1. Could you tell me whether Ala45 is of a type in the set (A, V, I, L, M), over 13 Å from Phe25 (Cβ atoms) and either surrounded by 16 or more Cβ atoms within 10 Å (Cβ to Cβ) or not assigned by TED's automatic domain parsing to the domain that holds Ala122 (or both)?
2. It is to be established whether one or more residues within segment 1-20 are assigned to a strand (DSSP E or B), touching a helix residue (DSSP H, G or I) at 6+ places or on another chain (Cβ under 8 Å) and within 16 Å of Pro72 (Cβ to Cβ).
3. In segment 28-42, which residue that is in contact with a strand residue (DSSP E or B) (Cβ under 7 Å, 6 or more places away or on another chain) and β-branched (Val, Ile, Thr) is surrounded by the fewest Cβ atoms within 10 Å (Cβ to Cβ)?
4. Name the residues in segment 8-27 that are more than 10 Å from the ligand (Cβ to nearest atom), modelled with pLDDT of 90 or more and surrounded by 15 or more Cβ atoms within 10 Å (Cβ to Cβ), would you?
5. Scanning segment 42-88 for residues that are assigned to a loop (DSSP other than H, G, I, E, B) and of a type in the set (Lys, Arg), which turns out nearest to the ligand (Cβ to nearest atom)?
6. May I ask you to list pairs of residues, at least six apart or on different chains, whose Cβ atoms are under 7 Å apart, with the first in segment 21-45 being charged (D, E, K, R) and the second being not in a loop (DSSP other than H, G, I, E, B)?
7. Just checking, which of Arg106, Arg51, Arg71 is among the charged types (D, E, K, R), touching a strand residue (DSSP E or B) at 6+ places or on another chain (Cβ under 6 Å) and not assigned by TED's automatic domain parsing to the domain that holds Arg141?
8. Of all the residues that make up segment 136-172, how many are closer than 22 Å to Val92 by Cβ and hydrophobic (A, V, I, L, M, F, W, C)?
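The values are calculated or read from the model by the stated rules, or taken from the named source; none is laboratory data. Since the structure is predicted, the reported quantities are computational estimates derived from the model, not experimental observations. We place every Cβ from the backbone using ideal geometry, glycine too, and count neighbours over all the protein chains shown.
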Amino acid sequence: MTTDATNALWHHAVETRDPTFDGVFFVAITSTKIYCRPVCPSRTARPENRRFFMSCSDAEAAGFRACKRCRPDAQSGQTPLDVVPRLARQVVAQISSGALNGQSVRALANTLDVSDRHLRRALSREVGASPFRLALAQRLRAATALLSDARLTITHVAYASGFQSLRRFNAAFRQEFRMSPSEWRQRGTGA
Ligand SMILES: [Zn+2]
């Protein structure tokens, strides 16, 4: 049984769909005989119709069925609500390993079975950045690592780090670091 203070907290969590409480408790609705995760996007029931449970099995033993929308009975990370964060994580991982070097966002989206637009939206919502911005950061990171190898020419570094031209590499590098790639190299190895 829960205390009044906990009860008030949990009602508030349901009303605000607070993700902090996802997995902590489940909310069952007496009018529909359905139970949900606190983050369920379905319309919230009146407080007097809510009952709280600490586990799915307790809710089911009390005669409630799992909501089809938020899937409280599914393994975490496997429900429809988790699809966007999971997609964003996949995209970030792919871009970090160079998936957009010589490949379009649309082609990357295809390999993940989503639309170009869906991919951009997921990324912007979860990471707050565009695919282009992430890809650029990844290339610049790769470039700074390669520049420390003095045997590689600047042109080699540009292409090896995923830039499609030396001119673009120089421009992007200067914009990010306020110096040219060769200046960066001199400062790095000259000391
Ligand atoms: Zn639900």
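1. Working: of a type in the set (A, V, I, L, M): yes; over 13 Å from Phe25 (Cβ atoms): yes; either surrounded by 16 or more Cβ atoms within 10 Å (Cβ to Cβ) or not assigned by TED's automatic domain parsing to the domain that holds Ala122 (or both): yes.
Considered against the rule, which asks whether it is of a type in the set (A, V, I, L, M), over 13 Å from Phe25 (Cβ atoms) and either surrounded by 16 or more Cβ atoms within 10 Å (Cβ to Cβ) or not assigned by TED's automatic domain parsing to the domain that holds Ala122 (or both), Ala45 comes out as yes.
2. So far as segment 1-20 goes, no, none of its residues is assigned to a strand (DSSP E or B), touching a helix residue (DSSP H, G or I) at 6+ places or on another chain (Cβ under 8 Å) and within 16 Å of Pro72 (Cβ to Cβ).
3. Just the residues of segment 28-42 that are in contact with a strand residue (DSSP E or B) (Cβ under 7 Å, 6 or more places away or on another chain), to begin with: 28-30, 33-39, 42.
Right, trim to β-branched (Val, Ile, Thr) and you get 29-30, 34, 39.
On the way: Ile29: 20, Thr30: 15, Ile34: 21, Val39: 20.
Within segment 28-42, the match that is surrounded by the fewest Cβ atoms within 10 Å (Cβ to Cβ) is Thr30.
4. The answer is His11, Val14.
5. Arg69
6. Matching pairs, first to second residue: Lys33/Arg65; Arg37/Asp22; Arg37/Phe26.
7. Matching residue, one of Arg106, Arg51, Arg71: Arg51.
8. The total comes to 10.
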